[in-house]
Amino acid sequence: MMQMFARPAALATLVAAALLAACGKNPGVGGAAGDATAATVKANEEMAQALKLDDPQDFEDAKKGLIARPEGKIMSADGSTVLIDFDAYKFVDGKAPPTVNPSLWRHAVLNAQIGLFKVTDGIWQVRGFDIANMTLIEGKTGLIVVDPLTARESAAAALAFARKHLGDKPVSAIVFTHSHADHFGGALGIVSAQEAAERKIPIIASEGFMEEATSENILVGTAMARRSMYQFGKNLEKSAKGNVDTGLGKNVAYGAVGVLVPTQLVTQQTEELTIDGVRFVFHNVPGAEAPAELTFAIPDKKAYGGAENLAQTMHNLLPVRGAKVRDALQWSVYLQEAIDQIGDAEVYFGQHNWPVWGNARIVEFITKHRDVYKYTHDQTVRLINAGLTPREIADTIKLPPSLASYFGARGYYGDLRHNVKAVYQFYIGAYDGNPANLNPLPPQESAKRYLELIGGPDKAVAAAQGAYDNGDYRWAAELLNHAVFGAPDNKAAKELLARTYDQMGYQAEAATWRNSYLTAAAELRDGPPKKGIDRSFLIDMLHQTPIARFLEAMAAGLDGPAADGKNLKVNLVLTDINESYVLWIENGVLHHKKAAPAADANATLTLTKPIFIKMMAGTAGVKDTLMSDELKVDGSMIDLVRFFTLIDKAPGTFAIVTK
């Protein structure tokens with residue numbers, strides 16, 4: 001599901017902090033989210049009438065096996081930040097309010113069933129302590145932990161809560177199902193690295209797990225972190241006019257993220273392992289939901305774990321926060337294989353949402369998901385070959401009733417329209433083939449010219465007001481987007497666009513779309529955030545990241561125009577791991593190679609990996625770092641500063657809906 005992010009240019013901040021300025025907050029128009037309009041009320045009522053929202057099966061499943069519910073809050077390690085508030089979503093109950101799509105509300109109510117649950121004999125899940133589930137499987141000597149959530153704090157709280165009711169059993173093994181941080185980031189809240197090593201705790205993952213876990217999105221992590229605020233509604237209030245769900249779970253715990261290095265990798269397509277006396281049959285399923293992922297069966301318990309290839313929602317083929325496009329066709333193939341793999345399983349459990357019981361129902365569940373991805377893929381390809389563009393295809397394809405009526409595969413996290421565009425991009429790129437889109441004007445310039453043609457921003461706002469009054473919010477948003485980009489000081493345009501996004505959010509069935517619209521509305525009113533996502537919580541995980549990944553990210557942060565003609569060379573020597581690199585700028589490009597220090601370097605920076613990691617994460621103070629015995633500079637300090645000041649510091653607070 002979720003990727004975590006590293007700051008690529010913090011080293012430059014430390015070496016030349018005095019030369020870099022911080023970004024401030026841009027004022028917006030103020031105000032609060034509005035009520036649902038008559039058009040929104042009507043749209044939501046029509047959806048409520050079209051679906052069997054009172055079907056009790058999911059509600060029975062979501063509550064089944066409840067042992068205990070948690071109370072209170074999960075706090076950050078220093079006690080300064082609430083990571084998870086178990087009471088925050090208590091308002092999600094009863095009939096859907098006018099400001100929430102009734103299908104999404106139903107899903108949000110289901111996800112609000114949190115606590116410790118018995119799945120079957122010897123298998124339990126802790127749900128609602130993070131966006132993902134922690135699964136606990138009884139072994140011969142202790143508990144096998146499957147996916148220790150996102151953060152050290154949430155994982156520790158979840159395990160402690162489970163032990164209150166299951167007994168103080170030791171952790172006997174850990175299984176990471178895939179390489180997204182919400183499934184491994186809390187590992188150090190389960191056991192310390194020292195304890196894992198001393199007790200020789202088996203840590204199981206798929207081939208390629210560590211490479212993907214420590215490298216995914218590091219190059220564009222700043223941008224993805226910023227966009228993730230939209231997807232997860234990070235800064236929205238928890239209310240009927242704000243964040244009600246994320247689709248995969250209630251909320252993300254933005255705590256301390258770490259990882260433990262696997263002791264055993266599953267390398268075969270199907271591989272049987274006995275872990276603490278429990279027989280697992282693992283299946284490698286890379287390249288669909290995650291670059292490295294595995295599912296598994298526990299035959300003796302008639303149980304099947306679907307990792308995140310299966311959830312109680314259509315997944316996304318391209319997250320709205322951004323990622324590499326996922327392969328819909330391969331995903332459907334894996335799900336066909338899953339039907340063949342489950343055998344006589346009587347319970348399916350995933351690492352998000354709630355389980356499914358009964359073999360026939362499990363087969364139906366997998367079949368529906370298989371066909372949602374296959375239908376999306378095949379119909380998109382058919383229309384690509386018919387010459388339709390991404391936007392045209394997204395407005396054309398509708399799932400057949402046999403799929404659309406199945407709640408477990410509706411678009412609460414992914415969305416069919418967005419997934420269609422992902423399939424298009426996967427095969428032939430984002431360009432739609434129209435030469436007018438080969439070299440279009442930048443949005444601001446295009447918007448200014450449209451406003452001139454319309455007769456100015458006031459006329460655009462007036463036309464948009466008419467569309468808004470008629471409930472034509474897509475057209476109102478398109479007009480107002482031009483008005484806001486072309487006339488950024490026009491408060492009427494911002495306010496009407498914010499009200500338009502309110503209504504689009506209230507009507508959205510996908511939690512990710514709702515959160516995006518409502519975050520956009522909030523930023524139009526109040527401006528972008530003062531701070532990006534704090535990356536200091538990644539320190540534990542970054543210690544497992546190869547140095548080369550950081551150097552690639554530094555290169556991607558180089559200001560090419562400013563660097564042209566500045567042929568500087570720097571040696572980077574890491575004393576504690578006996579590695580050295582030569583970094584040099586040539587033709588406006590930053591290169592690196594693992595090599596002995598170059599004699600002709602302008603400067604040599606000698607330090608330990610922990611100091612380097614702190615610098616990259618931006619958690620080490622300038623004075624403390626430069627005065628540390630673990631850091632030494634030889635050669636020209638002036639050239640070293642010149643070198644690092646060419647690397648941009650991206651604060652992760654850039655405007656998205658205003659410019």
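The values are calculated or read from the model by the stated rules, or taken from the named source; none is laboratory data. For clarity, every value in this text was computed on a predicted model and none was experimentally measured. All Cβ positions, glycine included, derive from the backbone under ideal geometry; neighbour counts span all protein chains shown. These area figures cover heavy atoms from the full protein model, side chains too; ligands, DNA and RNA do not enter into them. Shrake-Rupley method; radii C 1.70, N 1.55, O 1.52, S 1.80 Å.
With viscosity 0.890 mPa s and temperature 25 °C, the Kirkwood radius over alpha carbon pairs of region 313-357 converts through Stokes-Einstein to a diffusion coefficient of 194 µm²/s. The order of the peptides 166-177, 462-473, 426-437, 136-147 by mean Cβ neighbours within 10 Å, most packed first, is 136-147, 166-177, 462-473, 426-437. In the chain, the DSSP beta bridges split such that about 75 percent are antiparallel, to the nearest 5. Taking a straight line from the alpha carbon of Lys42, these aspartates and glutamates sit under 20 Å away, with near neighbours fewer than eight places off in the same chain left out: Asp54, Asp469, Asp472, Asp502, Glu509. Averaged over residues, the count of other Cβ atoms within 10 Å places the peptides 274-282, 610-618, 328-336 in the sequence 610-618, 328-336, 274-282, highest first.
Sorted on the mean count of surrounding Cβ atoms within 10 Å across their residues, most packed first, peptides 590-600, 199-209 read 199-209, 590-600. Rounded, prolate or oblate, given the Cα gyration tensor of region 530-576, with a/c below 1.5 counting as rounded? Oblate shape, in that a/c is at least 1.5 and b/c is the bigger or equal ratio.
Spatial offset of region 193-256 relative to region 380-397 amounts to 33 Å, using the alpha carbon center of each. Dividing the Cα radius of gyration of the chain by 2.2 N^0.38 Å, with N the residue count, gives 0.99.
Once the Cα-Cα distance is subtracted from the 0.36 nm per residue extended length, the Ala68 to Ala598 segment shows a gain of 184.6 nm. Given their separation in residues at 0.36 nm each and the Cα-Cα distance between them, Ile577 and Ala77 gain 177.1 nm when the chain is fully extended.
A crude spin-label estimate for the pair Ser446 and Glu272, with each label 7 Å from Cα along the Cβ direction, gives 5.8 nm. In this structure, the amide hydrogen of Met75, modeled 1.01 Å from its nitrogen in the peptide plane, lies closer than 5 angstrom to those of Leu83, counting only residues at least 5 positions away or on a different chain.
Over region 552-659, all Cα pairs binned in 10 Å intervals from 0 give whole-percent P(r) values of 14, 43, 33, 8, 2, listed from short to long.
For region 343-368 versus region 476-542, the spacing of their alpha-carbon centroids is 37 Å. Across region 40-71, the residues whose backbone nitrogen lies under 18 Å from the label position 7 Å along the beta-carbon direction of Lys118 are 60-70. So, R0 is 41 Å and r is the distance between the beta-carbons of Ala562 and Asp489; what FRET efficiency does that work out to, to 0.05? Plugging the Cβ-Cβ distance into 1/(1 + (r/R0)^6) gives 0.85. Note on region 272-328: percent of Cα-Cα distances in each 5 Å bin, starting at 0 and stopping at the bin with the largest distance, equals 4, 17, 22, 21, 14, 10, 8, 4, 0.
The helix-only estimate of mean residue ellipticity at 222 nm for the chain, built from DSSP H runs of length n ≥ 4 each weighted as -39500 (n - 2.57), is -11500 deg cm²/dmol after division by the residue total.
Quick one: with all protein chains in place, what share of the accessible area of the chain is carbon or sulfur, to the nearest percent (1.4 Å probe)? Intermediate values should be presented prior to the final figure.
Details: 13590 of 26460 Å².
Of the solvent-accessible surface of the chain, carbon and sulfur hold 51 percent.
Counted by Cβ distance under 13 Å from Lys169, the other residues give a net charge of 0, where Lys and Arg count +1 and Asp and Glu count -1. The string of couplings for region 113-121 from the Karplus curve (6.51, -1.76, 1.60, θ = phi - 60°) is 7, 10, x, 9, 10, 8, 8, 6, 4 Hz, one whole number per residue in order, with x for Gly and Pro. Were the residues from Asp472 through Asp35 laid out at 0.36 nm apart, the gain over their Cα-Cα distance would be 155.7 nm.
Divide the volume of the convex hull around the Cα atoms of region 153-237 by the residue count and you get 130 Å³ per residue.
Taking a ≥ b ≥ c as the square roots of the eigenvalues of the Cα gyration tensor, region 442-552 is classed as prolate, since a/c reaches at least 1.5 and a/b is larger than b/c.
Obtain the radius of gyration and the Kirkwood radius of region 225-307 from its C-alpha atoms and give Rg over Rh.
1.11
Given a 1.4 angstrom probe, what's the average accessible area per residue across the chain, in square angstrom?
Per-residue value: 40 Å².
Region 194-252: Rg/Rh from Cα coordinates, Kirkwood Rh?
1.17
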